[in-house]
Structure formats: structure tokens, C-alpha cells
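The values are calculated or read from the model by the stated rules, or taken from the named source; none is laboratory data. All values derive from a computational prediction rather than experimental measurement. Cβ coordinates were reconstructed from backbone atoms using ideal geometry, including for glycine residues, and neighbour counts include every protein chain displayed. Accessible surface areas use protein heavy atoms only, side chains included; no ligands, DNA or RNA. Shrake-Rupley method; radii C 1.70, N 1.55, O 1.52, S 1.80 Å.
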Amino acid sequence: MSKTLFDKVWDSHVVRKIQDGPDVFFIDRHFIHEVTSPVAFLGLKGRGAKVLFPERTFATADHNTPTINQHLPVEDPLSANQLKALEQNSNEYGISHWGLGNPKNGIVHVVGPENGITLPGFTIVCGDSHTSTHGAFGAIAFGIGTSEVEMVLSSQCIMQPKPKKMRININGQLGKGVTPKDVALFIIAKLTTSGATGYFVEYAGDVFENMTMEGRMTVCNLSIEMGARGGMIAPDETTFNYLKGRLYAPKGEAWDKALAYWKTLKTDADATFDKEFTYSASEIEPMITYGTNPGMGIGISKSIPTAQEVEGGAATYEKSLGYMGFHENEPMIGKKIDYVFLGSCTNGRIEDFRAFASVVKGRKKADNVTAWLVPGSHVVEAQIKEEGILDILTEAGFVLRQPGCSACLAMNDDKVPAGKYAVSTSNRNFEGRQGPGSRTLLASPYMAAAAAVTGVLTDPRELM
């Protein structure tokens with residue numbers, strides 16, 4: 001029977017099928033961080049349960065970490081307590097822990113792939129919705145709730161109904177200044193934030209095959225923003241070359257055996273999907289969001305749509321534009337901005353800093369802009385320095401911060417003030433996501449860089 005990539009990975013991990021119910025599903029890798037794990041560990045202790053396979057769980061501190069002076073005690077008491085709890089729980093249960101100061105520390109969805117913990121054909125979960133990032137390697141990866149974190153810790157399994165299958169095809173060659181972030185925002189704008197609810201998405205076609213692993217991770221990261229359970233891309237030579245030699249990747253004969261299996265992980269020619277969409281790369285230009293969900297996005301050359309042109313009620317649309325201080329039919333180009341954030345599990349990798357630096361090189365940061373440039377890990381931070389990118393950023397008037405989730409979400413010190421506009425390379429632009437009353441415009445590193453040096457929304461193609 002012909003199978004999709006998703007079917008092949010899912011079916012090979014089903015421990016038991018429950019009639020008219022969910023599957024009991026084995027988990028290969030479990031990532032935890034300081035926000036969703038403390039209550040799960042309390043549940044374990046209350047039941048006197050152990051962690052079944054501590055070697056399959058990996059802990060890193062990211063959401064609550066400061067991005068300056070990480071050598072000093074964390075000032076916020078809630079953040080400090082959560083970080084301490086993660087360290088204590090990891091030590092008690094024999095779980096690998098990469099806390100502040102550890103050279104492997106960073107955002108969970110950045111350090112997992114760069115250390116080879118994420119592998120093709122694996123099932124991966126974390127108490128974090130953007131676990132979908134790891135699907136870039138041909139893995140089934142999705143976020144879980146706190147009670148499910150406890151379930152995985154104690155049994156290495158989870159109970160899940162099998163999602164429906166969707167394939168999104170994009171063929172052709174992307175135009176100048178169009179990045180994987182723009183591709184993802186384009187898809188979400190087309191499908192809306194609920195368009196893939198109940199589905200697991202496979203991305204296929206020239207555009208995804210030609211992407212680097214960093215680009216594929218950006219696309220899969222944003223799958224959750226259109227309601228999908230997760231997203232995945234079939235592994236290929238790009239995947240294998242990225243993984244070879246990484247810390248937790250197989251070595252020697254084990255590598256050869258794994259590689260032979262990984263090469264079977266692709267959708268059979270006559271396999272079917274429950275839903276399928278096809279777009280052309282030529283349709284996509286640099287994107288910017290104008291509203292309060294990731295689906296409210298347009299090409300930078302376009303004007304804000306009218307209520308009649310978008311899904312949902314007019315009152316809801318009016319409320320969203322009111323929050324943003326925008327109006328129908330207004331152009332986005334030229335709008336003044338206050339903050340720029342480069343980072344997060346969406347765009348905090350070395351490729352994103354290379355893109356940002358390519359635009360700001362030889363230019364200066366605009367006086368009206370506060371910029372937070374935050375690498376996704378210490379490995380990325382080291383690459384930025386080794387490649388001379390830090391020199392370019394410093395010359396242009398930017399300061400590099402230390403790794404962490406930073407301004408992606410208002411759970412640490414990096415909060416955008418109320419009423420201020422932030423061009424952000426992160427993944428969500430909900431009301432208050434980057435701080436109470438903050439106004440977020442999601443964009444690519446190119447777009448963020450163009451805004452950072454001009455002080456207004458600018459088509460990055462003009463500066464490239």
C-alpha cells in the first residue's frame with residue numbers, strides 16, 4: 001500500500017491502536033525547558049514515578065533567560081525559580097541539562113538540530129508549540145501540553161489521534177529578497193490561521209528542495225501558525241550533509257545503516273493526501289504582517305486590504321487594525337517603526353544573521369530604532385564572530401546580545417513597550433505577544449534589516 005512520508009514515520013511508531021480512539025505513540029526524543037516542565041515533574045513526584053528513558057530527554061533553558069549579563073544571577077524571581085527548578089529536576093532524574101553558561105545552551109529548537117539530536121524518521125515532542133521546527137528533517141514533531149510532558153517522561157509514549165494529511169507544493173524559483181520566512185508567511189496568508197487545522201503538512205516542490213536546512217526549519221516552525229499539527233520535509237542530501245558529524249548523529253556503521261533508512265523516507269509516487277495546494281514561487285514577494293495574527297500578511301508592495309477582502313467579521317478586523325493603529329487601503333512602505341528584533345526559533349540561526357548583515361553592511365542603524373539581535377544559541381553566536389558578521393554589525397551601530405528566546409514573547413526582560421512598533425523575525429504577532437500593548441510586524445531578516453537602517457518599513461530589494 002502506498003504511503004506518504006508522514007504515514008511511514010507515524011505508523012512505525014504506533015505501539016498500540018485503540019479502537020475508535022487515539023494511537024499509543026512512541027516518542028524518540030523529548031525536549032524540555034523551564035516553562036512547561038516544572039508542573040510535569042511535580043506530577044511525577046506526586047505519583048512516585050520515574051523518568052523511563054532519561055537519555056531520550058534533553059533540557060535547555062531559553063524562554064526566561066536574560067540576553068545580557070548571563071553570568072549574573074537572574075533578577076526576575078519567577079524566571080529564576082523556573083530556571084532553578086529545571087536544573088534541579090534534570091539532575092534528580094538524570095536528564096542532560098544545558099543551562100545558562102553551558103556552551104551548548106540556546107533555544108530548544110535551535111540546539112536540538114545543531115547537535116544532531118533531531119534526526120530523520122524520529123518522533124519528537126516538547127511542551128512548546130514550535131516543536132514543528134524539527135519536521136524540517138523528515139521527523140514528526142509537535143508541541144504537547146504539561147500533562148502530556150509528564151506522560152512522556154514516565155512512559156516515553158503519548159496518546160494521539162492520527163491527523164489528516166495535507167501537501168503544499170511550491171515550484172519555480174524565488175525572486176530577489178524572498179526568503180523561507182516570506183514563503184511561510186505567504187502560505188499562512190493564503191490558508192489563514194485555521195486553514196490547516198487537524199492536518200499534518202508535507203512541503204514539497206522545487207522551492208523547499210532548494211532550501212538550506214535553516215530555511216526548511218523556518219518553514220516548518222511556522223506550520224503551527226496556520227493551525228497545522230506540524231509540518232515536515234522529506235530528507236535528502238541537504239539533510240544528510242547537515243547532520244553528518246554532529247554530536248548526537250550516528251557514527252561509522254551506524255551512520256551507514258541510518259542513511260539507508262533515511263533514504264526511504266519520502267512519499268510514494270501514488271500516495272494520496274486529504275488536501276493539497278499548489279502555488280508558484282513567482283507569486284511570492286517579501287512579506288509583512290499588518291494585523292494581530294500571522295495570517296494577516298501581505299507583500300510589502302501592497303496596501304492593507306479592506307474588511308471585504310479578508311475572512312472573518314468586519315468588527316474583528318476593525319478591532320485588529322485599531323490595535324495596530326492602521327487603516328484599510330494604507331500602504332505599508334514608509335510606516336515608522338521603533339524596534340527591530342532578529343532572533344527566535346524561527347530566525348535565530350546563522351543564515352538569518354548573514355542575511356541581516358548583508359543589508360546593513362556599509363550602512364548605519366537609524367537613530368529612532370532600538371535593535372535586539374539575539375542568536376539562537378552559543379554555537380550561532382560563535383559563528384557570527386568567526387565569520388566577521390559581528391564586525392559588520394558593530395560598524396553599523398548594532399549590539400549583539402546573548403542567546404535566548406528574547407523578544408519573541410513577553411516572558412523575559414526584552415519587552416517592546418506599549419504602542420511601539422516592532423519589526424520582528426519571530427513567529428507570532430498577537431496582541432501583547434512582545435509586551436503589553438506592543439505592536440508586532442512579522443517579517444524576514446532582510447525586511448528587519450531594511451527597517452533597522454531606514455527607520456521605516458522599506459522594501460529590502462531596494463537595498464540589496
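If the requirement is being modelled with pLDDT of 95 or more and open to solvent by 10 Å² or more (accessible area, probe 1.4 Å), which of these qualifies: A443, A371, A396?
On the way: A443 fails: open to solvent by 10 Å² or more (accessible area, probe 1.4 Å); A396 fails: open to solvent by 10 Å² or more (accessible area, probe 1.4 Å).
That would be A371, the only listed residue that is modelled with pLDDT of 95 or more and open to solvent by 10 Å² or more (accessible area, probe 1.4 Å).
Scanning segment 305-332 for residues that are crowded, with 20+ Cβ neighbours inside 10 Å and not in a helix (DSSP H, G or I) returns a single hit, M332. The residues of segment 119-137 that are in contact with a strand residue (DSSP E or B) (Cβ under 6 Å, 6 or more places away or on another chain) and either part of a loop (DSSP other than H, G, I, E, B) or open to solvent by 10 Å² or more (accessible area, probe 1.4 Å) (or both), listed by number, are F122, D128, S129. G291 meets all of the listed conditions (1) more than 24 Å from the chain's Cα centre (by Cα); (2) closer than 20 Å to F430 by Cα; (3) at pLDDT 95 or above; (4) part of a loop (DSSP other than H, G, I, E, B) but one, namely (1). Could you list, in sequence order, all residues of segment 1-29 that are among the aliphatic types (A, V, I, L, M) and either exposed (fewer than 11 other Cβ atoms within 10 Å of the Cβ) or not in a helix (DSSP H, G or I) (or both)? Listed by number, the residues that qualify are M1, V14, V15, I18, V24, I27. Only residues that are within 19 Å of V456 (Cα to Cα) and open to solvent by 10 Å² or more (accessible area, probe 1.4 Å) were counted in segment 258-286, giving 1. Restricted to segment 152-224, the set of strands (runs of 3 or more DSSP E) holding at least 1 residues that are open to solvent by 10 Å² or more (accessible area, probe 1.4 Å) and closer than 30 Å to G43 by Cβ comprises 157-160.
Mind counting the residues in segment 74-94 that are aliphatic (A, V, I, L, M), out of contact with any strand residue (DSSP E or B) (no Cβ under 7 Å at 6 or more places or on another chain) and part of a helix (DSSP H, G or I)?
At the first step, the residues of segment 74-94 found to be aliphatic (A, V, I, L, M) are 74, 78, 80, 83, 85-86.
Right, trim to out of contact with any strand residue (DSSP E or B) (no Cβ under 7 Å at 6 or more places or on another chain) and you get 74, 78, 80, 83, 85.
Next cut, part of a helix (DSSP H, G or I) only: 78, 80, 83, 85.
Count: 4.
Does P73 meet the test of being open to solvent by 40 Å² or more (accessible area, probe 1.4 Å) and at pLDDT below 95? In short, yes. Kindly provide the set of residues from segment 41-54 that are touching a residue at least 40 places away in the same chain (Cβ under 8 Å) and either outside any loop (DSSP other than H, G, I, E, B) or at positive phi (or both), ordered by number. Matches in segment 41-54: F41, G43, L44, R47, P54.
Within segment 101-118, which residues are of a type in the set (V, I, T) and either open to solvent by 10 Å² or more (accessible area, probe 1.4 Å) or not in a helix (DSSP H, G or I) (or both)?
At the first step, the residues of segment 101-118 found to be of a type in the set (V, I, T) are 107-108, 110-111, 117-118.
Result: I107, I117, T118.
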